[in-house]
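Take a look at the structure set out below.
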Amino acid sequence: MSHAVQGQAPTGIPHAEGVSEDEFRAAMARLAAGVVLVTAYDPDDGPNGEDVGMTATAFMSVSLDPPLVMVSVRDGSRMDELLERQPLWAASLLTDGQRQTAGRFAMKGRLSDRLLFQEVPHTRGEHSGAALVDDALAVLECRTEQRVRAGDHTLVIARVLGAALPHAPDAEPLTYYRGRYRSLS
């Protein structure tokens, strides 16, 4: 963390509470997180609809009874707009071998999602209609129950409608730490 030296401003512009975006980002980069591909089917996009995907690290289990998960999506993003009108979606927990998939769906200004999904082996979820990544550590199909605005993001809380473990049990998870994808081994 940077500290103000007499006559110098701290790195970044501090918020009213005193921490700058740079300081906050640097601190949170030290929190290791699992990587998931959040997907939803948009029936209104084109004549046959289209799959939409987003890489996320702000994904967590919320409750066991009922089974609830939460993902944080950036306000105004394509996924935020879609999940506002489409309650069904899925999350594929990625393996360390799926780093390229995570990177492609995280890129700003990327190719169309239609082209990206052509390169990602997947099946369509029975409960959600969303794309489920083949060989993921686990896949969860969800239905949104609540949306909570939080700063420049929306927290999407959803009931898990179905769960499967498509990959071998000894596969390693893909993690994100200090601004890079990493594996545990």
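Of all positions in the range 13-21, none carries a residue that is within 22 Å of His153 (Cβ to Cβ), aliphatic (A, V, I, L, M), surrounded by 12 or more Cβ atoms within 10 Å (Cβ to Cβ) and at pLDDT 90 or above. When residues in the range 109-134 are screened for being open to solvent by 90 Å² or more (accessible area, probe 1.4 Å) and within 25 Å of Ala158 (Cβ to Cβ), 3 of them pass. Counting only strands (runs of 3 or more DSSP E) that sit wholly inside the range 84-185, those with at least 3 residues that are modelled with pLDDT of 95 or more and among the hydrophobic types (A, V, I, L, M, F, W, C) are 88-93, 131-133, 138-150, 153-164. Filtering the range 52-79 to residues that are part of a strand (DSSP E or B) and open to solvent by 20 Å² or more (accessible area, probe 1.4 Å) leaves Met54, Thr55, Phe59, Met60, Ser61, Val62, Ser63, Leu68, Met70, Ser72, Arg74.
The values are calculated or read from the model by the stated rules, or taken from the named source; none is laboratory data. None of the values given here were measured: they were computed from a predicted structure. Using ideal geometry, Cβ is built from the backbone for each residue, glycine included, and neighbour counts are taken over all protein chains shown. When the accessible area is computed, the model is the full protein with side chains, heavy atoms only, and any ligands, DNA or RNA have been set aside. Shrake-Rupley method; radii C 1.70, N 1.55, O 1.52, S 1.80 Å.
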